[in-house]
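Q: I have a structure I would like to understand better, so I am pasting it below and will then ask my questions one at a time.
No lab work stands behind these numbers, since they all come straight from the coordinates. Just so it is clear, the structure is predicted and the values come from calculations on it, not from any experiment. Cβ coordinates were reconstructed from backbone atoms using ideal geometry, including for glycine residues, and neighbour counts include every protein chain displayed.
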Amino acid sequence: MDYISVEDAIALPGLRLVLTRGTPGPWGQAVKAIFHLKNIPYVAAAQEVGEPNEALQRWTNQNSAPVAVYNDERPRTRWNEILLLGERLSPEPRLIPNDSADRAMMFGLCHELCEEDGLGWNRREILFQMMAAAGAPREVLVRKYSSGYESAHIRQRIIDILKMLTARLQSQQAAGSAYLVGMTLSAADIYWAAFSILFAPPPPEICPMTDGMRAFFATNAPEILAALDPQLIAHRDRIFSEAFALPMSF
Ligand SMILES: N[C@@H](CCC(=O)N[C@@H](CS)C(=O)NCC(=O)O)C(=O)O
C-alpha cells in the first residue's frame, strides 16, 4: 500500500483516505472495499496505531482511522458518514439499499458490526485484555475505545451478534438471496467480511499478515468458535472475492 503523510494529504484536492498503516483494521479495509467497488480514486494517507498522529488530530479533531476527506468538505471520521459520502460520490454500485425497510436493516446490521458495543468493538476489548495479560498493555487505546463493560457482557454480545448474522443469512437464503440484506450486495456484507478478520483471519493470499498477527487475531475461545458458523465464513469468503481488491494491502 502506498501511503503519503497526512501533512502532504491535507494540501491535495479530491478524496483522501486516512488508513491505519501495517494492520488490516476492519473499519479501514471495509472503507477501501467501498471506494474500490465504486471505482472512486483516492490517495491513502497513513495513520499510526496508538500514536498521537498530531497532523491528523489538527486536521480532523480526532486521531483514529479511517477518515475520508473530499476536497474542502468536513472530514468524515465515522463508518456511516464515510459510507454516505461514497454513495453520494458514486451511487453505483449501490451499497445502501433503496428500499427504506432494507435500508434500516442494513444500517442496523452495520451498527451491530461497527459501533461501540458491537462485534468489532467487543472483539477489540478482548484483544486489549490479551495484550494486558501478555504484559504489553496498550493504555492509550484502552482509554480511547473501552466501553466499560465487563468480560461476560463482551463475550455474550459477540456470540449474540454472530448468531444473529447466521440466522439472517439462513432466512435470506430461504428467500432466495445470497446477501445479508435485500437481493444484492450491501455495505452490511462488506462490513461482516471485514470484521471476520478479527475472528478467523483469511489465508495469506487474501490477507498477507505476519504469522504473529494472524495468531493474535484468530479467536480460540470455544464459545465464540462455536458461534462462528461455517456459513458465516463461506459468506465472507465470497464477499472477499466479489468486493475487495485482493490481496488486501495495508
Ligand atoms: N470512528 C471510527 C472507528 C474507528 C476505529 O475504531 N479505528 C481504530 C481501528 S482499530 C483505530 O484507528 N485504531 C488505531 C488508533 O486509534 O490509533 C468509525 O466509526 O468508523
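Q: Looking at this structure, is A136 farther than 18 Å from P26 by Cβ and in a helix (DSSP H, G or I)?
A: no
Q: Further question: Of the conditions (1) assigned to a helix (DSSP H, G or I); (2) of a type in the set (S, T, N, Q); (3) within 16 Å of the chain's Cα centre (by Cα), Q156 satisfies every one except a single condition; which number is it?
A: (3)
Q: Taking R74, is it part of a loop (DSSP other than H, G, I, E, B), within 16 Å of the ligand (Cβ to nearest atom) and free of Cβ contacts under 8 Å to residues at least 60 places away in the same chain?
A: Taking the combined requirement at face value, the residue satisfies it.
Q: Name the pairs whose Cβ atoms lie under 7 Å apart, with the first residue in the range 211-235 and of a type outside the set (V, I, T), the second exposed (fewer than 14 other Cβ atoms within 10 Å of the Cβ), and 6 or more positions between them or separate chains?
A: Qualifying pairs under 7 Å: none.
Q: Please specify each residue of the range 7-36 satisfying the condition of being more than 11 Å from the ligand (Cβ to nearest atom) and either closer than 14 Å to P75 by Cβ or surrounded by fewer than 20 Cβ atoms within 10 Å (Cβ to Cβ) (or both).
A: Across the range 7-36, the qualifying residues are E7, D8, A9, I10, A11, L12, P13, G14, L15, R16, L17, H36.
Q: Starting from residues that are within 14 Å of the ligand (Cβ to nearest atom) and among the charged types (D, E, K, R), keep the ones in the range 37-70 and report whichever is surrounded by the most Cβ atoms within 10 Å (Cβ to Cβ).
A: E48
Q: A further question on this structure: Take the range 105-160 and flag every residue that is within 13 Å of the ligand (Cβ to nearest atom), touching a residue at least 24 places away in the same chain (Cβ under 8 Å) and among the hydroxyl-bearing types (S, T, Y).
A: Y145, S147 - these are the residues of the range 105-160 that are within 13 Å of the ligand (Cβ to nearest atom), touching a residue at least 24 places away in the same chain (Cβ under 8 Å) and among the hydroxyl-bearing types (S, T, Y).
Q: Answer yes or no: is there a residue in the range 81-100 that is within 13 Å of the ligand (Cβ to nearest atom), out of contact with any Gly (no Cβ under 9 Å at 6 or more places or on another chain) and among the polar types (S, T, N, Q).
A: The answer is no; no qualifying residue exists.
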